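Remarks on the structure that follows.
The values are calculated or read from the model by the stated rules, or taken from the named source; none is laboratory data. Note that the coordinates shown come from a computational prediction; the quantities given were computed from them, not determined experimentally. Neighbour counts are summed over all protein chains in view; Cβ atoms, including those assigned to glycine, are modelled from backbone coordinates with ideal geometry. Protein only, heavy atoms only, side chains kept; ligands, DNA and RNA dropped before computing areas. Shrake-Rupley method; radii C 1.70, N 1.55, O 1.52, S 1.80 Å.
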Amino acid sequence: MNDPYATSVAQLKKIAEILKLPSDIVTRLSVHDKFLEVHFPVTMDDGSVKLFTGYRAQHSNVRGPYKGGIRFSPFVNPSEIRALSMWMTWKCAIADIPFGGGKGGVIVDTKTLSESELERLSRAYLRAIYEIIGPTKDIPAPDMYTTSEMMGWMADEYGKLAHGYAPAVITAKPLEKDGSEGRTEATGLGGFYVLQNLAEREHLDPKQTTVAVQGIGNVGYYTARYAHDAGYRVIAIADSKHAIKNDQGIDVDAAIEFKKTHGSLEGMPGTTAISNDNLLTLPVDVFIPAATENVITSENAEAIKAKYVLEMANGPVTSDADMILEKKGIPVIPDVLANSGGVSVSYFEWYQNMHHEHWSKEKVFEELKKKMNSASEEIFAYKESHTISFRMAAYAVGVSRVVEAMKN
Ligand code: NAD
């Protein structure tokens, strides 16, 4: 049975063994400080009223206010929200930002709602969780099928209830509504900085390093583009419908432009069409899953020929596949490090809002680079000194920071 919360607790127990944590700490960190289930009505465009179910999990705030996205999806369930909330605690600690872990979600298929229904839903969910969030309590952000526009509506709704606009309550807002410069590029650019750290440590020459990227949306596009600009040979990219390949390297911007004008990646001059399964198993130096979860599974892990996997999507490698890749000697740079650029810039946004500042894009990128470099260095060093996987090293660094904060 797929039970993400059970998986997250099992992972914590493994880390606890490495860190030799006492059982009372493990028991404390296995549960959430708070888990709220809400049911709230929303008026539809035709005048009918529909009842929705949502959640907000608050795992731990020992390092700072809870932080984590809001997911709108038909598959949202308490186990998933609890797990994602615990993972956010570790991710914020790994990135060394002063936040704990939270996560929220609503069971809804956004494709069935109009824009005005989505606005009413966003505002109604915010009202339902209002009591437990706030700029110094719990700071939501977007996640699957939620947008920066929705964050703008929610920040506005929060301001009405709080009798004063408080933009720091939510991050990844639109720029004109106190969002941060550079948030759009943040996750992909952060992943590129991690790639640079990996290349330096493993003595990879970018010009000789081939890369394949699955998913060319926000995260995949920026990771691929920054890699391409730095001289890496991005030889294959894919969206949900098509995958294309060119052994000499693909100009990522030209490919996106081609997709815009032709409606598809297929037919891009100089490239050949391959299947998405084929892209997964190309003999590249670095494979970058940047689309969705569970793409490398026990079914296909044996066939992976990449030398490294950089997890830009959340959870693209299942736990079974993780073990297979480890046995095959393919290091996996985990999502909690690789895609933490997003939450780091969310922290910068919160900081700017709290201090009434507005940073330039250059400053945001400079601070992001510092954060990604120090997190990478620390995790790479921990991995080497403990001969464990990158994933275990990342979790060990994150969990030990949380445990340290529990002592204060
Ligand atoms: P997005 O919707 O902008 O892009 C997703 C891309 O993946 C699209 O190009 C889509 O066509 C493609 N895709 C979907 N299914 C595919 C498949 N089976 N094969 C190949 N391509 C496929 O989403 P995003 O914001 O780029 O997020 C991608 C992943 O990164 C998600 O797992 C998300 O949770 C994670 N993530 C995003 C952020 C962020 O700041 N956006 C931060 C951390 C983690």
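Filtered by the rule that a residue be assigned to a strand (DSSP E or B), touching a helix residue (DSSP H, G or I) at 6+ places or on another chain (Cβ under 6 Å) and either at positive phi or without any contact (Cβ under 8 Å) to a residue 40 or more places away in the chain (or both), region 21-59 gives no residues.
Selection of region 350-362 for residues being more than 16 Å from D96 (Cα to Cα) and either open to solvent by 70 Å² or more (accessible area, probe 1.4 Å) or within 16 Å of the ligand (Cβ to nearest atom) (or both) yields M354, H355, H356, E357, H358, K361, E362.
A search for C-beta distances below 8 Å between a residue of region 274-300 that is over 20 Å from G249 (Cβ atoms) and free of Cβ contacts under 8 Å to residues at least 40 places away in the same chain and any residue that is within 12 Å of the ligand (Cβ to nearest atom) and assigned to a helix (DSSP H, G or I), counting only pairs 6+ apart in sequence or on different chains, returns I296/L280; N300/D277; N300/L280. Going by the structure shown, is I324 open to solvent by 20 Å² or more (accessible area, probe 1.4 Å), over 15 Å from V194 (Cα atoms) and part of a helix (DSSP H, G or I)? So I324 fits the description; yes.
Take the conditions within 12 Å of the ligand (Cβ to nearest atom), within 29 Å of E149 (Cβ to Cβ) and surrounded by fewer than 24 Cβ atoms within 10 Å (Cβ to Cβ) and apply them to G182. Does it pass?
Against the criterion (within 12 Å of the ligand (Cβ to nearest atom), within 29 Å of E149 (Cβ to Cβ) and surrounded by fewer than 24 Cβ atoms within 10 Å (Cβ to Cβ)), G182 qualifies.
Of all positions in region 124-141, at least one carries a residue that is crowded, with 20+ Cβ neighbours inside 10 Å, free of Cβ contacts under 8 Å to residues at least 60 places away in the same chain and within 23 Å of G342 (Cα to Cα). Scanning region 290-344 for residues that are under 20 Å from A83 (Cβ atoms), of a type in the set (A, V, I, L, M) and away from the ligand (no atom under 14 Å from the Cβ) returns A321, M323, V332. Of everything in region 215-259 that is of a type in the set (G, A, S) and crowded, with 19+ Cβ neighbours inside 10 Å, the residue that is farthest from the ligand (Cβ to nearest atom) is A227. For region 296-318, a tally of residues being buried (at least 22 other Cβ atoms within 10 Å of the Cβ) and over 18 Å from S389 (Cα atoms) returns 1. Does G152 satisfy the condition of being open to solvent by less than 10 Å² (accessible area, probe 1.4 Å) and within 16 Å of the ligand (Cβ to nearest atom)? Here the answer is no, as G152 does not meet what is asked. Just give me the residues in region 260-271 being within 14 Å of the ligand (Cβ to nearest atom) and outside any loop (DSSP other than H, G, I, E, B), in sequence order. Scanning region 260-271 gives a single hit, K260. Against the list (1) within 15 Å of the ligand (Cβ to nearest atom); (2) open to solvent by 10 Å² or more (accessible area, probe 1.4 Å); (3) in the same structural domain as T210 (by TED's automatic domain parsing), the condition Y347 fails is (3).
For every residue, the table says whether it meets (1) of a type in the set (G, A, S); (2) part of a helix (DSSP H, G or I); (3) surrounded by fewer than 17 Cβ atoms within 10 Å (Cβ to Cβ); (4) not assigned by TED's automatic domain parsing to the domain that holds F99.
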| position | (1), (2), (3), (4) |
| --- | --- |
| V364 | no, yes, no, yes |
| L368 | no, yes, no, yes |
| K371 | no, yes, no, yes |
| E377 | no, yes, yes, yes |
| I388 | no, no, no, yes |
| M392 | no, yes, no, yes |
| Y395 | no, yes, no, yes |
| G398 | yes, yes, no, yes |
| A405 | yes, yes, yes, yes |
